[in-house]
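Right, one structure below, let's go through it.
The values are calculated or read from the model by the stated rules, or taken from the named source; none is laboratory data. Please read these numbers as outputs of a predicted model, since none were measured by experiment. Each accessible area value is taken on the protein alone, full model and side chains, heavy atoms only, with ligands, DNA and RNA left out. Shrake-Rupley method; radii C 1.70, N 1.55, O 1.52, S 1.80 Å.
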Amino acid sequence: QVQLVESGGGFVQPGGSLRLSCAASMSSFSTYVMRWYRQAPGKQRELVAHIHSTGSTYYTDSVKGRFTISRDNAKNTVYLQMNSLKPEDTAVYYCNALRLIPHKEYWGPGTQVTVSS
């Protein structure tokens, strides 16, 4: 049973920073595209960032220059460093692992991030 477990969420004031971690249990972690999604109350889940096995990255426009995704294949872990946080970053953040061939996809349970003064 593959598991993804997020950690590092919490409450932070605007302008602050948090570092999310996602520990994965699959043995072939390095072959997966690792993604961070978020879902704010009343809104659809949105892709925040992803990182391929090659190390190439993608960020949604609203977080470019503030968030950094990285991975440590030796530790089966993906990170999301979030700086200059804004109230609109408040959401539940989910870790996602995707492999296309063969198709496999896994989700973590999510971690709450609240940005408020």
Grab the Cα-Cα distance for Ser17 and Gln1, subtract it from 0.36 nm times how many residues apart they are, and report the gain in nm with one decimal.
2.5 nm
Long-range amide H contacts for Gly10: which residues qualify at under 5 Å (H placed 1.01 Å from N, peptide plane, sequence gap of 5 or more or a different chain)?
Val113, Thr114
Rounded if a/c is under 1.5, else prolate if a/b is larger than b/c, else oblate: which is segment 68-107, with a ≥ b ≥ c the root eigenvalues of its Cα gyration tensor?
oblate
If ligands, DNA and RNA are left out, what is the accessible area of Thr114 with a 1.4 Å probe, given in Å² to the nearest 10?
40
For Gly110, distant residues with modelled amide H under 5 Å away:
Glu6, Cys95
Per residue, accessible area of the chain with a 1.4 Å probe, heavy atoms of protein chains only, in Å², comes to 53
Between segment 28-62 and segment 67-117, what is the separation of their alpha carbon centroids in Å?
7
Along segment 40-51, Karplus-curve 3J(HN,Hα) (6.51, -1.76, 1.60; θ = phi - 60°) to the nearest Hz, with x for Gly and Pro, reads 8, x, x, 10, 6, 5, 10, 6, 9, 7, 9, 9
Taking Rh as the Kirkwood radius computed over alpha-carbon pairs of the chain and applying Stokes-Einstein at 4 °C with viscosity 1.567 mPa s, one gets a diffusion coefficient in µm² s⁻¹ of 91
Whole-number D in µm²/s for segment 1-55 (Stokes-Einstein; Kirkwood sum over Cα pairs; 25 °C, 0.890 mPa s)
184
In whole percent, and with a 1.4 Å probe on the protein chains, what portion of the accessible area of segment 21-117 is carbon and sulfur?
50
When the chain is treated as a GNM, springs tying every alpha-carbon pair under 10 Å, which of Gln13, Gln81, Gln44 comes out with the largest mean-square fluctuation?
Gln44
